[in-house]
Amino acid sequence: MTVSVPRQADSPDEPQEPAEDRRHMIRRRALTLLIIVLLIGVPAGYLVISANQSRDSGKDKEEKYSATGLTEGWPSRVQRRIYQVPIPVPSYKVAYYETNNWRTSRLYVQFETTPEGLDTYLKSMGLGRDDLKADDITISARDQKITGWDFKGHGPWHGLIHEQKNPAPTHDVVVNTSIPDKPFVYVVSRTVP
């Protein structure tokens with residue numbers, strides 16, 4: 001059996017609160033709704049914006065790293081520094097492609113330059129034109145297949161291998177001098193991480 005306790009009457013000495021009028025109730029509910037929207041909606045909005053930006057960034061990177069074959073343009077300064085491939089200025093028809101795996105990282109670069117630019121490039125490796133060997137295709141068939149390079153066309157072709165101690169990269173270089181004023185340089189720089 002439950003015992004009900006009688007309700008205690010309000011004290012006549014305490015002031016009575018007036019009943020809430022309709023306008024005040026609507027304003028209080030609107031303020032409560034605004035607070036809920038601000039506490040939940042704003043962080044949720046930021047989360048959606050951040051997720052979209054992150055997804056877009058991932059798509060850009062995916063496009064960059066899913067490229068197969070040469071990409072027109074200059075490799076980044078970081079790539080040129082890591083792989084030690086300083087492209088001389090002026091250079092034209094510049095294209096590159098990078099591959100990485102757990103054993104070897106490679107940067108494939110091609111560019112057309114001037115005779116002075118070729119000398120500058122060779123000098124950056126501590127070499128000169130005398131180090132280029134006639135009809136020596138130093139870039140492997142595997143690397144040619146990856147880039148689509150074909151060294152059977154008009155020559156003369158000259159090549160060299162610039163070997164360095166790890167972790168410094170090794171360079172396989174082939175130069176086409178069929179147009180003497182515009183030597184075309186092909187480089188495969190490979191390094192073991």
Check your understanding: Conditions: (1) at pLDDT below 90; (2) more than 17 Å from Val109 (Cα to Cα). Asp181 meets all but one. Number of the miss?
Key -> (1)
Point to revise | region 145-193: number of residues that are assigned to a loop (DSSP other than H, G, I, E, B) and among the charged types (D, E, K, R) | key: 6
Point to revise | Long-range neighbours under 9 Å by Cβ, at least six apart or interchain, first residue under 25 Å from Asp150 (Cα atoms) within region 48-76, second at pLDDT 75 or above and part of a loop (DSSP other than H, G, I, E, B) | key: Gly69/Gly148; Leu70/Gly148; Leu70/Trp149; Trp74/Ile87; Pro75/Tyr83; Pro75/Val85; Pro75/Ile87
Practice item. Identify all residues within region 111-142 that are open to solvent by 30 Å² or more (accessible area, probe 1.4 Å), within 15 Å of Thr177 (Cα to Cα) and either under 27 Å from the mean Cα position of the chain (by Cα) or of a type in the set (D, E, K, R) (or both); write none if there are none. Key: Glu116, Asp119, Arg129, Asp130, Asp131, Lys133, Asp135, Asp136
Check your understanding: Do you know which residues across region 71-110 are assigned to a strand (DSSP E or B), over 18 Å from the mean Cα position of the chain (by Cα) and aromatic (Phe, Trp, Tyr)?
Key -> Tyr92
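The values are calculated or read from the model by the stated rules, or taken from the named source; none is laboratory data. Please read all numbers here as calculations on a predicted model, not as lab measurements. Please note: Cβ atoms are built from the backbone with ideal geometry, for glycine as well, and neighbour counts cover all protein chains shown. The protein model used for the area step is the full one, side chains on, heavy atoms only, and it has no ligands, DNA or RNA in it. Shrake-Rupley method; radii C 1.70, N 1.55, O 1.52, S 1.80 Å.
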